[in-house]
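Just so you know, all these numbers are worked out from the coordinates, no wet-lab data involved. Treat the numbers as computed from the prediction; the structure is a model and nothing was measured. Cβ placement follows ideal geometry from the backbone for every residue including glycine, while neighbour counts extend to all protein chains displayed.
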């Protein structure tokens, strides 16, 4: 049976991994399957090096699986050409752990860079759009600052504003609360919840932060030794009998 016969050309889920394998020097993803429906937030958790960021790179089309299929915006992108992936990336955008801002540009100019990639960009109201986006992420008054003037948490908030400028359907967050203070972490969590509730955005969150997972996610997939050892509602995670999950939860309680 060919891949085309085994897997359909589209999915009923906004994002889906279907029996995905990926090996570099050693296996990173082994028969991994999960999905996120439109408007949901899915958390991907696990120790460092288990393939969480690799998963995000597959969703963006930066990596291709060795086996299995990947669906984004309901469409099979596994073998998609770069032209099709560029269209997908207009719908799905990523907020990198570093923020990935242009250091030589102000906050305003960083957001304008994303605005100018839109087909419907209107030069006449660009300042209003920038102000509106900064207000959404509670950073009004920061538009003339440079990234080096900002804290790690503020950089991530600006990166979220820049991502929103593209009017995406889905945002991928790579460790959004790592290396930020508790107050900023709380602010970022509230922002992510607000974007889901007010804009209906689908979200994929890679995180070590179980408190963030509980606050923002509907579903969670736990990666361990390349495999998805749990996929389901966040509220049922603690019922999992898998010893690694119980250890992970116990360590979180101690922390």
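Brief remarks on what is shown
- P(r), alpha carbons of the stretch 138-211 - 10 Å bins starting at zero, rounded %: 18, 54, 27, 1
- On Cα atoms only, tilt of 182-199 relative to the major axis of the chain in degrees: 90
- Helix 243-254 and the longest principal axis of the Cα set of the chain meet at an angle near 40°.
- Residues 152, 177, sorted so that the one with the fewest Cβ neighbours within 10 Å comes first: 152, 177
- The value given for the chain is a Kirkwood hydrodynamic radius of 19.0 Å, derived from the mean inverse Cα-Cα separation.
- Highest average packing first - 64-74, 138-148, Cβ atoms within 10 Å: 64-74, 138-148
- The angle separating the long axis of helix 126-136 from the principal Cα axis of greatest extent in the chain is about 60 degrees.
- Extension gain (nm, one decimal) between residue 62 and residue 74, 0.36 nm per residue minus Cα-Cα: 2.5 nm
- For the pair the stretch 178-234 / the stretch 1-73, the C-alpha centres are spaced 18 Å from each other.
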